[in-house]
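The values are calculated or read from the model by the stated rules, or taken from the named source; none is laboratory data. Fair warning: this is a prediction, and the values are worked out from it, not measured in the lab. Cβ atoms come from the backbone with ideal geometry, glycine included; neighbour counts cover every protein chain shown.
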Amino acid sequence: MGCFLIDGGTWNNRRGYGRFTRGVVEALARGSGRHVWKLLVATSDPPTPPPPPGVEVVRVDVDTAPAAAATASGSRSLLDLWRFRSEARRSGADGIFFPTVYSWFPSGLPSITVIHDTIPESLPHLVFPNLAGRLLWTVKTRAAVAGASALVTVSESARDDVARRFGRRPESLTVVGEGFDSTVFHPRRDERARAEWRRRAGLPDDGLLLITVGGLGPHKNLGAAIRACARLKAEGAPIALLVVGGGPGDHFHSEAHTLTALAEASGVARNTHFTGYLPDGELGDLMRAADALLFPSLLEGFGLPALEALACGTPVVSSGRGALREVTGTLAVEADPSDTPAFAAAIRRAVSREHAERLAIDGPSRAVAFTWDASARTLLPLFDELARK
């Protein structure tokens, strides 16, 4: 039996990092009694929701919680890094698991480190608002890669990108995939919830309810969704676009003001609604109420909202970039998001009755292949190997 620390710096994160951290840790605790798990968090940032039974919480007093410090424009003080490192060394753990390099710190322990994508390296001008943030990220990531006992990523596409960027052999990285909460993202539709979302969006019954889900960073390319919706509106379609994500508590680089201005300039300000973060229950209802999820991202290491949409039986209109095709297979309608007429036409195809009926069946059938339990089973041999050393 081994004892392992888990970096909890992204436990409370509302985006993919948080979903990955919580989903994998809950599956590890559920699926293995042969190791002891300890979640390492800042005292000022208690884990919400609390971790499952079998996971002990270890708190560290720091000046700035990792979620607030490890941002595109922020940094962690040397004193806070030393405090985390000291607690890690005192724990007597056999190693530490970093669910993302985002909140990595030099622990002095053997580590299993997850690099979700190479977006900061491939599109730095869209991720970092200043050069200092880019340099700090580069130093941190290269130190994390150099010191890792095992490197992990979430898709075959990301594995190839990470290997190429950091000079590793692709086979030296472990691909664990991602999963979804089937109690939240499922195809059982609620007509009352559907009607309520359409009412909130100001849509008639025959209008198109389109959504985007995730961050508002420039690499998400949400302007393409707004421009496509403007074209559909010009063609006479009653339409509403709900942009889910961002808002208070999201520490990532955001272009919310740019998107608001674009919606105004494109004549769809009244059709475009920025919801901010939505709790999972509301998000699941919205996924099922929507006619399509728009995913015009320039690069994705996985693309979790696309998987969650498939689980709900909701059509996906995708750029097909990065791992998106790996997640959706042949079920997404793909188009170049820089070609507004083509992306608008793809939305039309996705919401057609024939395609929507196909997705209602094939989407959930594909999604069930992606589970957090499968991710945990792939990770466990890495922990077993560290415990034997």
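Remarks
- In segment 279-307, the residues that are without any contact (Cβ under 8 Å) to a residue 40 or more places away in the chain, buried (at least 20 other Cβ atoms within 10 Å of the Cβ) and part of a helix (DSSP H, G or I): A306
- You will find that of P106, P120, the residue that is farther than 16 Å from T378 by Cα and either assigned by TED's automatic domain parsing to the domain that holds S254 or over 22 Å from the mean Cα position of the chain (by Cα) (or both) is P106 and no other.
- Subset of segment 38-59 that is in contact with a Pro (Cβ under 8 Å, 6 or more places away or on another chain) and buried (at least 20 other Cβ atoms within 10 Å of the Cβ) - its residue that is farthest from T100 (Cα to Cα): A42
- In the set P120, P110, only one residue is of a type outside the set (S, T, N, Q) and at pLDDT 95 or above; that residue is P110.
- Test result for G23, small (G, A, S), out of contact with any Asp or Glu (no Cβ under 6 Å at 6 or more places or on another chain), in a helix (DSSP H, G or I) and in contact (Cβ under 8 Å) with a residue 12 or more places away in the chain: yes
- Total residues in segment 308-356, condition touching a residue at least 24 places away in the same chain (Cβ under 8 Å), of a type outside the set (G, A, S), within 18 Å of L298 (Cα to Cα) and part of a loop (DSSP other than H, G, I, E, B): 2
- Residue in segment 127-157 that is nearest to R19 (Cα to Cα), counting only those that are crowded, with 19+ Cβ neighbours inside 10 Å and either touching a Gly at 6+ places or on another chain (Cβ under 8 Å) or acidic (D, E) (or both): V154
- Exclusive hit being surrounded by fewer than 17 Cβ atoms within 10 Å (Cβ to Cβ) and either modelled with pLDDT of 90 or more or of a type in the set (D, E) (or both), set D63, D7, D80: D63
- Of the residues examined, A240 is one that is more than 19 Å from the chain's Cα centre (by Cα) and at pLDDT 95 or above.
- Qualifying residue in segment 375-385 (condition: touching a residue at least 60 places away in the same chain (Cβ under 8 Å), touching a Lys or Arg at 6+ places or on another chain (Cβ under 8 Å) and surrounded by 15 or more Cβ atoms within 10 Å (Cβ to Cβ)): yes
- Residues that are outside any strand (DSSP E or B) and more than 21 Å from the chain's Cα centre (by Cα), drawn from segment 146-159: A146, G147, A148, S149
- Annotation note: of V62, V36, the sole residue that is free of Cβ contacts under 8 Å to residues at least 40 places away in the same chain, among the aliphatic types (A, V, I, L, M), assigned by TED's automatic domain parsing to the domain that holds T153 and in a loop (DSSP other than H, G, I, E, B) is V62.
- Strands (runs of 3 or more DSSP E) lying entirely in segment 160-278 (those with 3 or more residues that are more than 30 Å from G9 (Cβ to Cβ) and out of contact with any Asp or Glu (no Cβ under 9 Å at 6 or more places or on another chain)): 239-244
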